[in-house]
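Before any comments, here is the structure.
The values are calculated or read from the model by the stated rules, or taken from the named source; none is laboratory data. Keep in mind the model is a prediction, meaning the values are calculated, not measured. Every residue, glycine as well, gets a Cβ built from its backbone with ideal geometry; the counts of neighbours run over all protein chains shown. When the accessible area is computed, the model is the full protein with side chains, heavy atoms only, and any ligands, DNA or RNA have been set aside. Shrake-Rupley method; radii C 1.70, N 1.55, O 1.52, S 1.80 Å.
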Amino acid sequence: MPVPGDTVEVQLLEDGAAVVERIEPRTFALERRSAGGRAKTMAANVDLLVTVTALANPAPRFVTLDQLLAFAELEGIGAAVIFTKPDLADPSAADAAARVYRDIGYPTLVVNPKIGEKVPELRDLIRGRRALLAGNSGVGKSSIFRALGGDTVVGDVSRHGLGRQTTTAGRLYRLEGGFLIDSPGINEFGLGTVASDALSRAFPELRDPTLRCRFTDCTHLREPDCAVRAAVAEHRIAPTRYASYRKILLEPT
C-alpha cells in the first residue's frame with residue numbers, strides 16, 4: 001500500500017478522483033512492528049529522521065531516541081534531535097540533554113512550538129529535505145507539524161504520563177523543496193537483533209574507542225581492557241547513551 005513519501009503513477013478519472021497504478025521503488029522505508037509482531041511501513045523516501053523527545057510530560061525516553069538515531073545510522077540517512085516542552089522541565093536538565101547530542105554531532109534544538117521558540121531554526125534545518133517526525137506519542141510532533149504549516153490535531157497526555165496518540169496515519173506537508181511527514185507515535189518501535197559491531201558503529205561516539213579495545217570482537221559489555229567502558233567511566237561517553245547501547249544489544253525489540 002502507498003505510504004507518505006511514496007512517488008506514484010496515477011490515473012485521473014473523470015470525476016476528479018485518482019487511481020494509483022504504480023508505486024515507484026523506495027529508496028528508504030521506516031517500519032514499525034505491531035504488538036502482534038507484524039511490520040508496518042510508516043513512511044518512504046525520507047532522507048532526514050527528525051527525532052522528537054519531550055523533556056517532561058511524558059518523561060523523556062532516551063532509549064527510544066537512541067534507537068531512532070541508531071536506526072538512521074544503520075540506514076545511512078540523516079538525523080536531527082528535537083526536544084520539546086522546555087517550559088515544563090528543569091532548565092539545567094534540558095541543557096544537559098541537548099548537550100549530549102550536540103557533542104556527538106547531531107543537529108539539536110530545544111523547541112516550544114506553542115510560542116514559536118526555535119521554530120524558525122527548525123524550518124531552516126529541514127528546508128529542502130524529505131523529513132519525518134518520529135517519537136513516542138504525546139511528545140509534541142503534531143504541535144511541531146502545525147507550527148510549520150501542517151494541519152493536524154493536538155492530543156493530551158494520559159494520567160499515567162503516557163502520550164495519547166492523535167495521529168493514526170502519517171500526514172505529508174510539502175515544504176520548500178522537500179516535505180515533512182508527521183508519523184503516528186512509535187511506542188512499539190524497535191531495531192530487532194543487531195550485532196554488537198554493527199550497533200557500536202551506529203553510536204558515533206563509540207567508533208573511535210572501539211578501535212582501542214583489547215579484543216577486536218569486544219561487545220563492550222564485560223570484556224577486559226574495553227576502551228568504550230573506560231570512556232564511559234571517564235565521562236567521554238554519556239552514561240545514558242551507553243545504557244541505551246546495552247539495552248538495545250541485550251533486550252532486542
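Here are a few things to note about the model shown:
- Qualifying residue in segment 63-79 (condition: touching a residue at least 60 places away in the same chain (Cβ under 8 Å) and open to solvent by 70 Å² or more (accessible area, probe 1.4 Å)): yes
- Qualifying residue in segment 32-39 (condition: open to solvent by 70 Å² or more (accessible area, probe 1.4 Å), among the charged types (D, E, K, R) and modelled with pLDDT under 90): yes
- Filter pass, S244 being assigned to a helix (DSSP H, G or I), in contact with a Ser or Thr (Cβ under 6 Å, 6 or more places away or on another chain) and within 21 Å of F62 (Cβ to Cβ): no
- Test result for A98, under 17 Å from the mean Cα position of the chain (by Cα), over 21 Å from S137 (Cβ atoms) and either small (G, A, S) or part of a helix (DSSP H, G or I) (or both): yes
- Selection of segment 75-86 for residues being in a helix (DSSP H, G or I) and closer than 20 Å to L148 by Cα yields only P86.
- Residue satisfying condition, being surrounded by fewer than 22 Cβ atoms within 10 Å (Cβ to Cβ) and either under 29 Å from S196 (Cβ atoms) or in contact with a strand residue (DSSP E or B) (Cβ under 7 Å, 6 or more places away or on another chain) (or both), within set D87, D95, D124: D87
- Between L122, L109, the distinction of being modelled with pLDDT of 95 or more and in contact with an Asp or Glu (Cβ under 6 Å, 6 or more places away or on another chain) belongs to L109 only.
- Residues of segment 211-231 satisfying the condition of being among the β-branched types (V, I, T) and surrounded by fewer than 20 Cβ atoms within 10 Å (Cβ to Cβ): T216, T219
- Test for E176: is it open to solvent by 70 Å² or more (accessible area, probe 1.4 Å), at pLDDT below 95 and touching a Lys or Arg at 6+ places or on another chain (Cβ under 6 Å): yes
- Of all residues in segment 232-251 being in contact (Cβ under 8 Å) with a residue 40 or more places away in the chain and open to solvent by 60 Å² or more (accessible area, probe 1.4 Å), the one that is nearest to T193 (Cα to Cα): K247
- Counted residues, segment 121-152 - those being polar (S, T, N, Q) and either on the phi > 0 side of the Ramachandran plot or in a loop (DSSP other than H, G, I, E, B) (or both): 3
- Taking segment 40-62 as the range and being buried (at least 21 other Cβ atoms within 10 Å of the Cβ), closer than 17 Å to R129 by Cα and in contact with a helix residue (DSSP H, G or I) (Cβ under 7 Å, 6 or more places away or on another chain) as the test, the residues that pass are L49, V50, T51, V52.
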